[in-house]
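The block underneath contains the structure these notes are about, expressed in structure tokens.
The values are calculated or read from the model by the stated rules, or taken from the named source; none is laboratory data. All values derive from a computational prediction rather than experimental measurement. We place every Cβ from the backbone using ideal geometry, glycine too, and count neighbours over all the protein chains shown. Protein only, heavy atoms only, side chains kept; ligands, DNA and RNA dropped before computing areas. Shrake-Rupley method; radii C 1.70, N 1.55, O 1.52, S 1.80 Å.
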Amino acid sequence: WEVMKCGLLGGDEMHENLFSVYWLNTFLHGPFHLGLSATMLHKDPFVEARQKEIYPVEKRFDKIKMQKYINFVYFGYRYKDLDRSRIKTSFPGKSTYAQDAYEQSIISSKESRDNFVEMVVNATRDYYVSIRKPGDKLRIYFSRIKMINLITDTLKAEFPDLDVRRYAEDDDYSIIIDSDIGVTNRGKAGTGVDIPGLTTVINFTNVESSQAVLQLLGRLRDIKGRDVIFVQGYCKNIKKHIQYKDNCHGMIHERIKGFIHHDYAIPL
């Protein structure tokens, strides 16, 4: 600090990489440190305690009242017979839920794939296309590149008058900003992306981290005169999806305008 003659250390998304953040604050003693995060909370008591050591609650800036403008939809769907289907929620030899394994099993089964894709098309139509005004944008989140490609190609064919593109791997940043419908993943467009005109987010990934959902919520901005909608898809006969949904609700209910439950009528 003395050599650089630096008086301020600033850091964004300081809820991430807890070990590195803790180490940094333990050994770097500068005059002033400003840490930024919209999701400095955690359901793990140990992690939350460490975050409060680094950033004591009494020193956090809370003078601006949080705006509540997001309409949240819990979009529930179910399989006709999950036990007899080819749907998998973990990789071979593992017991933990894996979104990649789930999406891969959907792709691998023609019946499940066709029914799932039809559901995504219907959700896209109901929550975006049917209420769309010029300039409105939609972003849809999956995990696997194969699923992103499949959904992108399907929506291109289904809605030829709209600019539908994928945003993954090395795709150009302008795609996520300019396209009407962008199909992407959290790693590529989950944080730090401000999309003008974004009115709808549909998230079909299910993860234990509620912060991940909060970060996706943060993609939506308050747009005067327009309703903004966040749709969280989850399977009603997959226990982990129900658990993640319940965990998520405990953290988001103070950050949203309101919520509803919508059950997809056709079993997959």
Aspartates and glutamates within cross-link reach of LYS236: Cα-Cα under 19 Å, excluding same-chain residues under 8 positions apart? ASP81, ASP83, ASP100, GLU103, GLU111, ASP114, GLU118, GLU208, ASP246, ASP263
Burial-style ranking of 94-105, 60-71, average other-beta-carbon count within 10 Å with highest first, yields 94-105, 60-71
Per residue, how large is the accessible surface of region 143-262? Use a 1.4 angstrom probe and give square angstrom. 44 Å²
Semi-axes a, b, c in Å (a largest) for region 204-246, each sqrt of 5 times a Cα gyration tensor eigenvalue, come to 25, 12, 6
Please work out how much length the chain gains when fully extended from ASP178 to ASP44, using 0.36 nm per residue of separation minus the C-alpha to C-alpha distance, in nm with one decimal. 44.5 nm
Loop only by DSSP, 10 or fewer other Cβ within 10 Å of the Cβ. Give me the trypsin sites (Lys or Arg not before Pro) in region 205-243 that pass, ordered by residue number. LYS224
FRET efficiency for ASP81 and ILE145, using Cβ-Cβ distance with R0 set to 22 Å, rounded to 0.05: 0.15
Over 22 Å between Cα atoms, which of LYS137/LYS224; LYS224/LYS257; LYS80/LYS110; LYS5/LYS52 qualify? LYS5/LYS52
Rounded to a whole %, the carbon-and-sulfur portion of the accessible area of region 59-120 at a 1.4 Å probe is 48 percent
Hull shadow area, averaged, region 129-182 [alpha-carbon convex hull, nm²]: 3.7 nm²
Helix-only [θ]222 nm of the chain, DSSP H runs n ≥ 4, -39500 (n - 2.57) each, per residue, nearest 500: -10500 deg cm²/dmol
Distance between modelled label sites at SER209 and TYR22, nm, 7 Å Cα→Cβ extension: 1.7 nm
Take the alpha carbon gyration tensor of region 51-127, find the square roots of its eigenvalues, order them as a ≥ b ≥ c, and report rounded if a/c is under 1.5; if not, report prolate when a/b exceeds b/c, else oblate. oblate
Computed over the chain: longest principal axis from alpha-carbon atoms vs helix 110-127 long axis, angle to nearest 10 degrees, is 70 degrees
Reach of LYS68 by Cα under 19 Å, taken over aspartates and glutamates that are not fewer than 8 positions away in the same chain: ASP194, ASP222, ASP227, GLU254
Simple label model, 7 Å out from Cα along Cβ direction - ARG125 to CYS6, nm: 5.5 nm
Relative to the first principal axis of the alpha-carbon coordinates of the chain, what is the inclination of helix 18-27, with its axis defined by its Cα atoms, in degrees from 0 to 90 and to the nearest 10? 10 degrees
Calculate, in nm to one decimal, what LYS110 and LYS63 gain on full extension: separation in residues at 0.36 nm each, minus their alpha carbon distance. 11.6 nm
Carbon/sulfur fraction of accessible area - region 181-243, other protein chains in place, 1.4 Å, %: 48 percent
Regarding the chain, what are the three Cα extents along the principal axes, ordered largest first, in Å? 63, 48, 36
Can you give me the Kirkwood hydrodynamic radius for region 178-229, using every pair of distinct Cα atoms, in Å to one decimal? 11.8 Å
Rounded to two decimals, the Debye log10 I(q)/I(0) of region 1-129 (Cα scatterers, no solvent) at q = 0.17, 0.22 Å⁻¹ is -0.98, -1.26
Roughly what % of Cα-Cα distances in region 51-96 sit above 18 Å, to the whole percent? 69 percent
For region 1-72, what does the accessible surface come to per residue with a 1.4 Å probe? Please give it in Å². 78 Å²
Can you give the angle from 0 to 90° between the axis of helix 239-252 and the longest principal axis of the chain, with both taken from C-alpha atoms, to the nearest 10? 50 degrees
